[in-house]
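Coordinate-derived values only; no laboratory data. Worth saying up front: this structure is predicted, and the values here are computed from it rather than measured. A quick note on method: Cβ atoms are made from the backbone with ideal geometry, for glycine too, and the neighbour counts reach across all protein chains shown.
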C-alpha cells in the first residue's frame, strides 16, 4: 500500500513538473523545473528497484544534459527579435518528405507491430548477478547492435551540431 502511494505521489510530481517545464515563461526556470523532473524520475527508479538507472538518470540527465541546456539558454540572446529573412538554403519539401516517411514507419510499426521478443526467464546465474551486471550483460550481448546504432546516431548528431554552428568550414 505504501509503495502504491509513493508511486502515485512521484508520478503526480513528475507530471506537475513536466507541465511547469512547458508553461513557465522564464527559460532558466524551465531548466530548473526540468532538473526537478529528472530527480523525481530517478526517485521513481529507486522505488522500482532499478538503482543503476536512477544513478545514470542523475549523472547523465540531471547533471550533463541540464548543464548543456543552461549554457545554451545563457549563450543565446532570447531578447533579440526574430530575423526578418528566411534561409535560402532551407529545404522545406525535403524536410516534410522525411517527416512523412518517419511517420509512415511509426504507423506501420503501430499497426503491424514488430517482432516482439519476450525475454527468457532469468537463469540462476543471472539471478545471482546484481542489477548493474544484468544491464551490462544484456547491453553487450543481446542488445549490442542497437547500442552501436544509438552511438552512431549520437555521433552523427554531434557532427551535425558542429557543422551547423560553425561559420566557416
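Once you place label points 7 Å from the Cα toward the Cβ at residue 7 and residue 27, how far apart are they in nm?
3.9 nm
Tell me, Kirkwood radius of region 1-74 from alpha-carbon pair distances, in Å?
Over region 1-74, the inverse of the mean reciprocal pair distance is 12.7 Å.
Fully extended, how many nm does the chain gain between residue 52 and residue 163 (0.36 nm per residue separation, minus their Cα-Cα distance)?
36.5 nm
Between residue 112 and residue 139, how many nm apart are label points set 7 Å from Cα along the C-beta direction?
Distance between the two pseudo-spin positions: 3.3 nm.
Over region 1-78, what relative contact order in percent results from Cα pairs under 8 Å that are six or more residues apart? Let's see the in-between values first.
Numbers: 58 pairs, mean separation 21.5, N = 78.
So the answer I get is 28 percent.
If each of residue 132 and residue 97 carries a label point 7 Å out from its Cα toward its Cβ, how far apart are those two points in nm?
Taking the two extended label points, one gets 4.9 nm.
Once the Cβ-Cβ distance between residue 154 and residue 105 is put in as r, and R0 is 22 Å, what FRET efficiency do you end up with, to the nearest 0.05?
The pair residue 154/residue 105 has a calculated efficiency of 0.65.
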